[in-house]
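*Asks:* Here it is: the structure, laid out below.
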Amino acid sequence: MTDPQLVLTERVQQALANAFGAEYADADPLIRPSQFADFQANVAMSLGKRLRRAPREVAEAISAQMSDFPGTVEVSGPGFLNITLDTSWIADEAGRMLADPRAGVGQSTPPQRIVIDYSAPNAAKEMHVGHLRTTIVGDAMARTLEHLGHTVIRQNHLGDWGTPFGMLIEHLLDIGEDAAVAQLEAGASTEYYQAARAKFESDETFKTRSRIRVTTLQSGDPETMRLWHVFMDATIRYFNKLYDMLGVTLTDADIAGESMYNPMLEKTCDDLQAMGVAVVSEGALCLFPPGFVGSDDKPLPLIIRKSDGGYGYASTDMAAIRYRVDDLKADRILYVVGADQALHFRMVFAAAEQAGWLPDTVSAEHIQIGMMLGKDGKRFKTRSGSSVKLMDLLHEAVDRATAAIDDRGYDEVTKAEIAHAVGMGAVKYSDLSVSHDSEYVFDFDRMLGFTGNTGPYMQYATARIRSIFRKGEVEAAAVTGPITLGEEAERALGLHLLSFGSVVEQVGILIEPHRLCAYLFETASLFSTFYEQCPVLKEGVDAETRASRLALCALTLRVIETGLDLLGVPVPDRM
Ligand code: ARG
């Protein structure tokens, strides 16, 4: 553990216990970064009240217990503790971190089994930018939690089942399998869906055929299942193209769509009814989890079997939560899904608890994804008002990146690789850098900017550090230090680098990747200041200082690259 704030927390707690008794050993010392010292601890203020002693006196007592501490503790004002670490301690810790293959990131013991439900586009509707965001946030969390040592089970809960498939299959027969496959693979599912829908509404025989098809699909008729597979396989090939383009870790093995739960739905409903958790209301089988009331003050139902016997979204989620707990043996289940589904998930979780399917030892969390907005502040659409094809959007990002990057005479292949990394990095980073539940304006100009907290800025920061090593003809991975921190800018960078591990850990606990972005951005900014003020390769820099500064560069590079990798943001070699 190198995070100074954590080291200090423990050290002050120890002082508290020594000064006031063991019962104070886990009081929060309220340590915050400070402008007057490295950190300030405010615990004496609240403790003073509790002990009926002057806070200043309490602070003196704490500080008296910290004489062996590698730094200085000063009492100021009414009883603040201003804490400054010894620069040599920071330097030693930074050196240790450089030697650590995990760069200070711990591994959770015991590891948890964490199910992450993310991406989950609907085959029968459009895959919109909202799904892009759950894909990117979910994937960043899958990478981060895996790096923290957990067993991550990705579940792509595709919308691949339900009544619309009757009409989608009939439309496939009308236009022919090849034409349908070509259209779906090209990502034109919205057009496909709309054409089917239009016929359904205007053509009675098509409507009848579609209805019959739903029944044959549900009964598992082999030829209908074959057609369903033709439709789904083509759709999944398009999703996979998007995942490839984005560099997302989802594979076909992670697909656990709604159709997978179909065979479990009857039993799910029957079991819930048998234990009295589900009751029939107005012909439909409903759950009434406690604490949910509608605007009419009546208990709010979660319908799991419609009066016509059909199943829906909620039935599937009840089956899925049971499967994830019982079969996948999850300790933690993360649903990375649009914020507009908050009520649905609260009700599903409450009902699952009521049924005993979600024990206290398992946590189910809805990681709410805020809506993507256009520059006009409304739901993101193209100029013509139609929905945006995701592949077109990603290609546009790469095209704009191509125009934005410097042409340094790279060959076409290198240039294309850089543009791809910058374009995808820009889109992904901008999704990750704001808190996942806030609404968010999709703006190419901002996300592709080379200044501010953007993907390209972060990528550029790594390219710049790497060019230092190229120029110095030194292998970054071979640098060992020792690190000494002479200048203020070096010390500030060194101190900041030490908290990388605990930031990653926090991101894993809170599921807030934007904290990692903010941390990395601060790292890059502190590095810039350091690099402006502290020459590394310049003539006249003595060998020892040069080695130490190179070590600081190497550690910074490791931290930023590792961080970007955990976020799933690609890092081009040069820019
Ligand atoms: N397909 C759904 C949608 O697009 C998201 C599914 C999320 N996962 C779940 N278990 N309900 O809205």
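*Asks:* Can you confirm whether Ala94 is away from the ligand (no atom under 16 Å from the Cβ) and either more than 30 Å from Ile212 (Cβ to Cβ) or among the aromatic types (Phe, Trp, Tyr) (or both)?
*Replies:* Yes, satisfied.
*Asks:* Of all residues in region 439-484, which are in a loop (DSSP other than H, G, I, E, B) and polar (S, T, N, Q)?
*Replies:* Thr451, Asn453, Thr454, Thr480, Thr484
*Asks:* Could you tell me whether Val280 is outside any loop (DSSP other than H, G, I, E, B), in contact with a Leu (Cβ under 7 Å, 6 or more places away or on another chain) and either modelled with pLDDT of 95 or more or not aliphatic (A, V, I, L, M) (or both)?
*Replies:* Here the answer is no, as Val280 does not meet what is asked.
*Asks:* Here's something else I'd like to know. Return the total of residues in region 333-383 being out of contact with any strand residue (DSSP E or B) (no Cβ under 8 Å at 6 or more places or on another chain) and small (Gly, Ala, Ser).
*Replies:* Qualifying residue count, region 333-383: 3.
*Asks:* Looking at region 556-575, which of the residues that are assigned to a helix (DSSP H, G or I) and among the β-branched types (Val, Ile, Thr) is farthest from the chain's Cα centre (by Cα)?
*Replies:* Only one residue fits best here, namely Thr556.
*Asks:* Can you run down the residue pairs with Cβ atoms below 8 Å, 6 or more apart or on separate chains, where the first is in region 298-316 and under 22 Å from Ala256 (Cα atoms) and the partner is assigned to a loop (DSSP other than H, G, I, E, B) and away from the ligand (no atom under 13 Å from the Cβ)?
*Replies:* Correct list of pairs: Ile304/Tyr311; Arg305/Tyr311; Gly310/Thr163; Gly312/Lys306.
*Asks:* Let me ask something additional. Is there any pair with a first residue in region 98-112 that is touching a residue at least 60 places away in the same chain (Cβ under 8 Å) and a second that is surrounded by 11 or more Cβ atoms within 10 Å (Cβ to Cβ) and of a type in the set (Phe, Trp, Tyr) whose Cβ atoms are under 9 Å apart and which are 6 or more apart or on different chains, and what are they?
*Replies:* Short answer, once both residue conditions are applied: Ala103/Phe500; Gly104/Phe500; Val105/Phe500.
*Asks:* Residues that are in contact with a strand residue (DSSP E or B) (Cβ under 8 Å, 6 or more places away or on another chain), within 14 Å of the ligand (Cβ to nearest atom) and assigned to a strand (DSSP E or B): does region 313-332 have at least one?
*Replies:* no
*Asks:* Could you say whether any residue in region 179-201 is touching a Leu at 6+ places or on another chain (Cβ under 8 Å), without any contact (Cβ under 8 Å) to a residue 24 or more places away in the chain and on the phi < 0 side of the Ramachandran plot?
*Replies:* no
*Asks:* Out of (1) closer than 30 Å to Met167 by Cα; (2) surrounded by fewer than 15 Cβ atoms within 10 Å (Cβ to Cβ), the odd one out for Ala124 is which?
*Replies:* (2)
*Asks:* Can you work out which of the residues in region 381-394 that are surrounded by 14 or more Cβ atoms within 10 Å (Cβ to Cβ) and at pLDDT 75 or above is nearest to Val129 (Cα to Cα)?
*Replies:* Leu390
Rundown of residues vs (1) closer than 24 Å to Pro111 by Cα; (2) away from the ligand (no atom under 16 Å from the Cβ); (3) within 21 Å of the chain's Cα centre (by Cα); (4) in contact (Cβ under 8 Å) with a residue 40 or more places away in the chain, yes/no style:
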residue	(1), (2), (3), (4)
Val337	no, no, yes, yes
Gly377	no, yes, no, yes
Leu390	no, no, yes, yes
His395	no, yes, no, no
Thr402	no, yes, no, no
Asp406	no, yes, no, yes
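*Asks:* Right, here's the next one. If we scan region 170-190, do we find a residue that is within 16 Å of the ligand (Cβ to nearest atom) and closer than 30 Å to Val362 by Cα?
*Replies:* Checked region 170-190: no residue is within 16 Å of the ligand (Cβ to nearest atom) and closer than 30 Å to Val362 by Cα.
*Asks:* Which condition number in (1) under 35 Å from the mean Cα position of the chain (by Cα); (2) outside any helix (DSSP H, G or I) is the one that Asp244 fails?
*Replies:* (2)
*Asks:* Same structure again: Of the conditions (1) out of contact with any strand residue (DSSP E or B) (no Cβ under 7 Å at 6 or more places or on another chain); (2) closer than 30 Å to Val336 by Cα; (3) at pLDDT 95 or above, Ala94 clears all except one; give me its number.
*Replies:* So the condition that Ala94 fails would be (2).
*Asks:* Identify the single condition in (1) at positive phi; (2) at pLDDT below 95 that Val413 does not satisfy, given that it satisfies every other one.
*Replies:* That leaves (1) as the condition not met.
*Asks:* Could you run through region 211-239 and say how many residues are assigned to a helix (DSSP H, G or I) and either among the charged types (D, E, K, R) or over 15 Å from Ala180 (Cβ atoms) (or both)?
*Replies:* Summing the residues that are assigned to a helix (DSSP H, G or I) and either among the charged types (D, E, K, R) or over 15 Å from Ala180 (Cβ atoms) (or both) in region 211-239 gives 15.
*Asks:* If I ask for residues that are touching a His at 6+ places or on another chain (Cβ under 7 Å) and within 16 Å of the ligand (Cβ to nearest atom), which ones from region 100-144 would you list?
*Replies:* Ile114, Asp117, Ser119, Ala120, Pro121, Val137
Residues checked against (1) surrounded by 17 or more Cβ atoms within 10 Å (Cβ to Cβ); (2) of a type in the set (Asp, Glu); (3) farther than 19 Å from Thr163 by Cβ:
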residue: Val279; (1), (2), (3): no, no, yes
residue: Gly283; (1), (2), (3): no, no, no
residue: Phe288; (1), (2), (3): yes, no, yes
residue: Gly291; (1), (2), (3): no, no, yes
residue: Ile303; (1), (2), (3): yes, no, no
residue: Tyr311; (1), (2), (3): yes, no, no
residue: Arg322; (1), (2), (3): yes, no, yes
residue: Ala330; (1), (2), (3): yes, no, yes
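*Asks:* Counting only residues that are closer than 13 Å to Val337 by Cα and in a loop (DSSP other than H, G, I, E, B), which one in region 145-163 is farthest from the ligand (Cβ to nearest atom)?
*Replies:* The qualifying residue farthest from the ligand (Cβ to nearest atom) is Leu158.
*Asks:* Right, another one. Taking only region 15-45 into account, find how many residues are crowded, with 16+ Cβ neighbours inside 10 Å and either in contact (Cβ under 8 Å) with a residue 12 or more places away in the chain or among the β-branched types (Val, Ile, Thr) (or both).
*Replies:* Adding up the residues that qualify gives 20.
Let's see how each residue does on (1) farther than 30 Å from Thr2 by Cβ; (2) crowded, with 24+ Cβ neighbours inside 10 Å; (3) at pLDDT below 95:
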residue	(1), (2), (3)
Ser119	yes, yes, no
Gly130	yes, no, yes
Asp139	no, yes, no
Ala142	no, yes, no
Gly159	yes, no, no
Ala186	yes, no, yes
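*Asks:* I'd like to know if region 342-356 contains one or more residues that are outside any helix (DSSP H, G or I), within 25 Å of the chain's Cα centre (by Cα), away from the ligand (no atom under 13 Å from the Cβ) and crowded, with 17+ Cβ neighbours inside 10 Å.
*Replies:* Looking through region 342-356, none of the residues is outside any helix (DSSP H, G or I), within 25 Å of the chain's Cα centre (by Cα), away from the ligand (no atom under 13 Å from the Cβ) and crowded, with 17+ Cβ neighbours inside 10 Å.
The values are calculated or read from the model by the stated rules, or taken from the named source; none is laboratory data. None of these values were measured; they are calculated from a predicted model. Here the Cβ is made from the backbone with ideal geometry for all residues, glycine too, and neighbour counts use every protein chain on show.
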